[in-house]
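J.: My structure is below; once you've seen it, I'll send some questions.
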Amino acid sequence: DNYIDDTVLTHFAKRQKDVNCIILTKNITKQLQLDVKKHNEQYQAIKIEVFSDAHDRFLIIDKKEIYHFGASLKDLGNKWFAFSKMDISSVKILDKLKDKEVI
């Protein structure tokens with residue numbers, strides 16, 4: 001998601017303790033770095049990486065399920081947008097991310 005802000009971090013703060021979170025975004029601003037630092041001081045850490053090869057947003061769960069989001073997760077609950085489960089093998093997408101040394 002290329003529009004990450006502190007509201008997205010708040011959503012991920014509610015995850016279970018054994019759930020890891022890596023956010024891929026095209027640009028890590030100083031404000032985002034500060035927001036992630038503050039979040040990680042209070043909650044289970046979120047890792048953030050630069051990844052500029054995607055336009056849309058994807059949520060990969062347990063390296064098995066992939067969901068496509070039509071809008072930024074920061075707008076979750078504020079605006080209408082669609083998301084859908086993808087049939088494509090998550091292994092293919094994960095392999096592409098590994099090839100780019102993102103995960």
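The values are calculated or read from the model by the stated rules, or taken from the named source; none is laboratory data. Model, not experiment: these values are computed from the prediction. As a convention, Cβ positions derive from the backbone with ideal geometry for all residues, glycine included, and neighbour counts pool all protein chains shown.
J.: Of the conditions (1) out of contact with any strand residue (DSSP E or B) (no Cβ under 7 Å at 6 or more places or on another chain); (2) at pLDDT below 90, Arg57 clears all except one; give me its number.
T.: Going through the list (1) out of contact with any strand residue (DSSP E or B) (no Cβ under 7 Å at 6 or more places or on another chain); (2) at pLDDT below 90, Arg57 breaks only (1).
J.: Now a separate question. When you scan region 8-32, how many residues do you find that are farther than 24 Å from Lys63 by Cα and of a type in the set (Ser, Thr, Tyr)?
T.: Count: 1.
J.: May I ask you to list pairs of residues, at least six apart or on different chains, whose Cβ atoms are under 6 Å apart, with the first in region 63-89 being closer than 17 Å to Ile22 by Cβ and the second being of a type in the set (Val, Ile, Thr) and loosely packed, with under 10 Cβ neighbours inside 10 Å?
T.: Close Cβ pairs (under 6 Å, with a partner that is of a type in the set (Val, Ile, Thr) and loosely packed, with under 10 Cβ neighbours inside 10 Å) do not exist here.
J.: Suppose we filter region 1-41 for residues that are surrounded by 11 or more Cβ atoms within 10 Å (Cβ to Cβ), part of a helix (DSSP H, G or I), among the acidic types (Asp, Glu) and out of contact with any His (no Cβ under 9 Å at 6 or more places or on another chain); how many remain?
T.: 1
J.: Within the group Lys37, Lys64, Lys26, Lys74, which residue is touching a Ser or Thr at 6+ places or on another chain (Cβ under 6 Å) and more than 22 Å from Lys92 (Cβ to Cβ)?
T.: Values: Lys37 fails: touching a Ser or Thr at 6+ places or on another chain (Cβ under 6 Å); Lys64 fails: more than 22 Å from Lys92 (Cβ to Cβ); Lys26 fails: more than 22 Å from Lys92 (Cβ to Cβ).
It is Lys74.
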